[in-house]
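Chemist: Before I ask anything, here is the structure I am working with.
The values are calculated or read from the model by the stated rules, or taken from the named source; none is laboratory data. Computed from a predicted structure; not experimentally measured. Cβ coordinates were reconstructed from backbone atoms using ideal geometry, including for glycine residues, and neighbour counts include every protein chain displayed. Side chains are part of the model used for accessible areas, which takes the heavy atoms of the whole protein and leaves out ligands, DNA and RNA. Shrake-Rupley method; radii C 1.70, N 1.55, O 1.52, S 1.80 Å.
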Amino acid sequence: MESRRLSDWLDYVSQLHSQVIEMGLDRVNDVFHRLCRNARLAKTVVTLAGTNGKGSTLAAVEALALAAGKTVGAYTSPHILRFNERVRINGVDVSDEALEGAFAAVESARGQTALTYFEFTTLVGFYLFQQAKLDLVLLEVGLGGRLDAVNIVDPDLAVITSVDLDHQEWLGDSREDIGREKAGILRPGIPLVIAEEAPPTSVVDVAGKLGCATFIWRQDYTLERAGEASQALQWRGRRKHADIVIDGLSDNGLPMANMAAAMQAAMLLDFPLSESQIAAAIAGLKVQGRFQLLRRDPEVYADVGHNPHAARYLKQWLCGLPVKKPQVAVFSALKDKDVAGIVKELAGVFDRWFVFPLNVDRAMPLAQLADLVERNQSAPVHTCDSLPECLAQATSEAGSDGRIVAFGSFFTVAEIFQNGMMGADEGDGG
């Protein structure tokens with residue numbers, strides 16, 4: 001087969017199937033069995049589903065596993081800058097060369113079977129994990145759960161981070177319907193960790209019918225201040241068949257429910273970790289594009305949140321930071337997203353909004369974007385033709401005492417990074 005560079009493979013695969021999404025597992029499952037010969041991906045597999053929070057929860061489980069000396073593969077999507085971000089082995093993005101070999105292996109195995117971009121690239125990750133003979137593989141669901149390509153692999157433990165309205169055209173119009181789709185990752189008798197204190201009944205019902213021991217945030221495990229005057233956090237949960245308490249944890253700025261869920265998953269997987277190792281792994285965790293501090297004077301944060309549930313997370317997180325005035329939004333979104341819902345969640349948070357059109361085919365037109373922002377909150381809205389123009393105006397508006405928050409899409413964050421708009425605090429989480 002002719003040798004292709006990674007960029008060539010990505011161009012080829014994006015044109016391979018007439019649809020971006022085709023729900024169903026038969027095609028990808030057939031190719032998987034030809035590719036991996038029915039062998040397990042790793043000694044242990046964890047699958048993570050949810051509307052938001054999958055990436056940060058997966059990253060926390062990964063950090064805890066690495067601290068315990070495990071060999072770990074992680075599959076996530078989408079990427080921000082480079083495709084390589086989607087497949088990590090032992091905390092490191094895989095190389096172009098490794099990916100090129102894996103793409104060739106999948107192409108050979110698929111024969112005449114048409115695969116979508118996500119199906120093909122998921123199999124690329126699976127192939128690399130199987131070749132690496134790992135202790136643990138962590139799989140992030142791309143869309144839903146039941147019919148997502150990731151779900152061709154049987155997990156030993158499942159995590160559902162949150163359930164809210166997103167991708168309704170594929171998953172259903174209610175939390176109950178969407179929860180049922182996400183619960184499709186469950187298998188009989190495996191444990192389930194839920195990072196939500198009031199999950200849809202559909203999730204709990206499916207888990208009960210399958211005999212899955214279920215651990216629910218704030219019911220079966222918690223993460224909270226050790227005392228009114230304390231800055232330290234205390235985690236309570238289950239390890240094997242006993243209650244356990246871990247003290248001396250710090251707030252890393254990521255959602256506590258997700259960090260707590262990751263710790264509960266680590267306990268159920270019985271990672272050999274001391275309290276100090278757990279505290280260090282959680283404290284040092286940074287996730288690219290999640291509440292990420294890019295520079296100071298003024299503060300500039302980037303967040304990939306792109307639905308109303310993520311906007312609620314963002315509002316809660318901002319309310320926990322020291323007050324900065326003015327607080328300015330730099331915002332853009334895709335045309336298939338609930339922009340009105342996102343903006344309503346953040347009404348009253350920002351003193352001024354700067355909006356711009358993303359440089360992708362799915363971008364919401366600028367006039368429509370500005371109209372939706374104006375109609376769903378009361379602060380002044382300014383339109384810009386590009387992200388650099390937006391950031392320049394926002395920086396002037398914020399001055400040295402203000403704060404800028406750029407959000408609305410993975411593409412928003414990617415454009416910030418691509419334009420080199422990263423200051424001395426690059427990589428520092430919020």
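Chemist: Between ASP270 and ARG239, what is the label-to-label distance in nm when each label sits 7 Å out along the Cα-to-Cβ direction?
Modeler: Result for the modelled spin labels: 1.3 nm.
Chemist: While we're here: Rolling a 1.4 angstrom probe over the protein chains, ignoring ligands and nucleic acids, what is the accessible area of ASP148 in square angstrom, nearest 10?
Modeler: Surface open to solvent at ASP148 totals about 10 Å².
Chemist: For region 80-216, what does the alpha-carbon gyration tensor say about shape, rounded, prolate or oblate, given a ≥ b ≥ c as the root eigenvalues, a/c under 1.5 as rounded, and a/b over b/c as prolate? Write down the numbers at each step before the final one.
Modeler: Details: a/c = 2.11, a/b = 1.74, b/c = 1.21.
Because a/c hits 1.5 or more and a/b exceeds b/c, region 80-216 counts as prolate.
Chemist: Right, next: Would you mind pulling out the separation of the Cα centroids of region 181-217 and region 57-85, in Å?
Modeler: The two parts, judged by their Cα centres, are 23 Å apart.
Chemist: Now for a separate question. Within the P(r) computed for region 292-377, what percentage of the Cα pairs occupies the region above 21 Å?
Modeler: Details: 980 of 3655 pairs.
Considering region 292-377, 27 percent of its Cα-Cα pairs are separated by more than 21 Å.
Chemist: How do CYS390, CYS319 stack up against each other in accessible area, from largest to smallest, with a 1.4 angstrom probe? Please report the intermediate quantities before stating the final value.
Modeler: Values: CYS390 0, CYS319 100 Å².
Putting CYS390, CYS319 in descending order of accessible area: CYS319, CYS390.
Chemist: Identify all lysines with a Cα-Cα distance to LYS70 below 28 Å; exclude those on the same chain that are fewer than 8 residues away in sequence.
Modeler: Within reach: LYS43, LYS54, LYS133, LYS182, LYS240, LYS286.
Chemist: Would you list LYS54, LYS335, LYS315, LYS43 from the most to the least accessible area, probe 1.4 Å? Write out the running numbers ahead of the final one.
Modeler: Working: LYS54 25, LYS335 120, LYS315 75, LYS43 150 Å².
Sorted by accessible area, descending: LYS43, LYS335, LYS315, LYS54.
Chemist: Now for a different question. If you put +1 on each Lys and Arg Cβ and -1 on each Asp and Glu Cβ, how big is the dipole of region 299-358 around its Cα centre, in Debye rounded to 20? Don't skip to the answer; put the middle values down first.
Modeler: Values: 8 positive and 6 negative charges, 25 e Å.
Using only the charged Cβ atoms, the result is roughly 120 debye.
Chemist: Across region 290-421, how many lysine pairs, 8 or more apart or on two chains, come within less than 26 Å at their alpha-carbon atoms? Let's see the in-between values first.
Modeler: Values: LYS315/LYS324; LYS315/LYS325; LYS315/LYS335; LYS315/LYS337; LYS315/LYS344; LYS324/LYS344; LYS325/LYS344; LYS335/LYS344.
Counting lysine pairs in region 290-421 gives 8.
Chemist: Can I ask one more? What are the residues whose amide H is under 5 Å from the amide H of ALA363, where those residues sit 5 or more places off or on another chain and H is modelled from the backbone?
Modeler: When sequence neighbours closer than 5 places are left aside, the close amide H contacts are LYS335.
Chemist: Would you calculate the separation in nanometres between label points at ARG187 and ASN419, each defined as 7 Å from the Cα along the Cα-to-beta-carbon direction?
Modeler: 4.6 nm
Chemist: Which sequence of ARG295, ARG236 reflects their accessible areas, 1.4 Å probe, from the largest down? Provide the component values of the computation, followed by the final result.
Modeler: Values: ARG295 85, ARG236 115 Å².
The ordering from most to least exposed comes out as ARG236, ARG295.
Chemist: Further, regarding this structure: If you take every DSSP beta bridge fully contained in the chain, what fraction is antiparallel? Give it as a percent rounded to 5.
Modeler: Percentage antiparallel, nearest 5: 35.
Chemist: Under a point-charge model restricted to the Cβ atoms of Lys and Arg (+1) and Asp and Glu (-1), what is the dipole moment magnitude of region 171-237 relative to its Cα centre, in debye to the nearest 20? Numbers along the way, then the final one.
Modeler: Numbers: 8 positive and 10 negative charges, 53 e Å.
Value, rounded to 20: 260 debye.
Chemist: What is the chain by shape, rounded, prolate or oblate, if you read a ≥ b ≥ c off the alpha carbon gyration tensor as root eigenvalues and call it rounded for a/c under 1.5, prolate for a/b larger than b/c, and oblate otherwise? Provide the component values of the computation, followed by the final result.
Modeler: On the way: a/c = 1.59, a/b = 1.17, b/c = 1.36.
Oblate shape, in that a/c is at least 1.5 and b/c is the bigger or equal ratio.
Chemist: Let me ask you something else. With θ set to phi - 60°, apply the Karplus curve 6.51 cos²θ - 1.76 cosθ + 1.60 along region 39-53 and write out the HN-Hα couplings as whole Hz, x wherever there is a Gly or Pro.
Modeler: Each residue of region 39-53 in turn: 7, 6, 6, 6, 4, 9, 10, 10, 10, 10, 10, x, 5, 9, x Hz.
Chemist: Separate question: What order, most packed first, do the peptides 186-192, 238-244 have when packing is the mean number of other Cβ atoms within 10 Å of each residue? Could you put the intermediate results ahead of the total?
Modeler: Numbers: 186-192: 18.4, 238-244: 10.9.
Ranked by mean Cβ neighbours within 10 Å, highest first: 186-192, 238-244.
Chemist: So if each residue of separation counts as 0.36 nm, and I subtract the Cα-Cα distance between ASP8 and GLU374, what length gain in nm does that give? It would help to have the intermediate numbers written out before the result.
Modeler: Working: separation 366, 0.36 × 366 = 131.76 nm, distance 4.18 nm.
Extra length from ASP8 to GLU374 when fully extended: 127.6 nm.
Chemist: Another question, then. Mean separation of Cα pairs under 8 Å and 6+ residues apart, divided by the residue count of region 244-335: what relative contact order is that in percent? Write down the numbers at each step before the final one.
Modeler: Working: 47 pairs, mean separation 22.8, N = 92.
In percent, rounded to a whole number, it is 25.
Chemist: Among 272-284, 71-83, 302-314, 256-268, how do they line up by average Cβ neighbours within 10 Å per residue, starting with the highest? It would help to have the intermediate numbers written out before the result.
Modeler: Details: 272-284: 16.4, 71-83: 19.6, 302-314: 23.2, 256-268: 26.6.
Result, highest mean Cβ count within 10 Å first: 256-268, 302-314, 71-83, 272-284.
Chemist: At 222 nm, what value in deg cm²/dmol follows for the chain if DSSP H runs of at least 4 each add -39500 (n - 2.57) and the sum is divided by all its residues, to the nearest 500? Each step should come with its number before you reach the end.
Modeler: On the way: 15 runs with 158 residues, N = 430.
Mean residue ellipticity at 222 nm (helix-derived): -11000 deg cm²/dmol.
Chemist: Report the FRET efficiency, 1/(1 + (r/R0)^6), for ALA213 and LYS324, where r is their Cβ-Cβ distance and R0 is 51 Å, rounded to 0.05.
Modeler: Details: r = 44 Å, r/R0 = 0.86.
The calculated FRET efficiency here is 0.70.
Chemist: Can you compute 3J(HN,Hα) from phi for each residue in region 351-366, using the Karplus curve 6.51 cos²θ - 1.76 cosθ + 1.60 with θ = phi - 60°, rounded to whole Hz and x for Gly and Pro?
Modeler: 7, 7, 10, 10, 10, 8, x, 5, 8, 9, 4, 8, 5, 6, x, 4
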